[in-house]
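Colleague: Quick one: the structure is below, questions incoming.
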Amino acid sequence: MKSKYIILIIGILSIAASIYMIINGQSITSTITGFICGISLLYSSYELSKQQMNNEKS
């Protein structure tokens with residue numbers, strides 16, 4: 001249960017850091033990896049919560 005929230009927080013911070021770096025003038029090519037990793041972490045936290053809900057229904 002805790003891991004879902006940790007993954008969610010890290011994903012949000014990664015996306016925020018990528019956006020901050022783009023606003024400050026960093027090139028998009030150097031920040032796109034962090035942005036994609038943040039999105040994948042958000043998606044994995046969504047899948048974890050969906051899996052937990054399915055387990056509770058069973």
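Colleague: State all residues of the stretch 1-42 that are in a helix (DSSP H, G or I), open to solvent by 50 Å² or more (accessible area, probe 1.4 Å), out of contact with any Gly (no Cβ under 8 Å at 6 or more places or on another chain) and of a type in the set (Ser, Thr, Tyr); if no residue qualifies, say none.
Modeller: Within the stretch 1-42, Ser3, Tyr5, Tyr20, Thr29, Ser30, Thr33 meet the criteria.
Colleague: Continuing with this model, one more query. Pairs only if they're at least six apart or on different chains, beta carbon under 8 angstrom, first in the stretch 20-45 and in contact (Cβ under 8 Å) with a residue 40 or more places away in the chain, second open to solvent by less than 50 Å² (accessible area, probe 1.4 Å) and part of a helix (DSSP H, G or I); list them, first residue then second.
Modeller: Cβ pairs passing all conditions: Ser45/Lys4; Ser45/Ile7; Ser45/Gly11.
Colleague: While we're here: Please count how many residues of the stretch 30-58 are modelled with pLDDT under 90 and aliphatic (A, V, I, L, M).
Modeller: 2
Colleague: Further question: Every residue in the stretch 1-24 that is small (Gly, Ala, Ser) and either in contact with a strand residue (DSSP E or B) (Cβ under 9 Å, 6 or more places away or on another chain) or modelled with pLDDT of 90 or more (or both), please.
Modeller: Within the stretch 1-24, Gly11, Ser14, Ala16, Ala17, Ser18 meet the criteria.
The values are calculated or read from the model by the stated rules, or taken from the named source; none is laboratory data. Predicted, not measured: the structure shown is a model, and the values here were computed from it. Positions of Cβ are backbone-derived with ideal geometry, glycine not excepted, and every protein chain shown enters the neighbour counts. The protein model used for the area step is the full one, side chains on, heavy atoms only, and it has no ligands, DNA or RNA in it. Shrake-Rupley method; radii C 1.70, N 1.55, O 1.52, S 1.80 Å.
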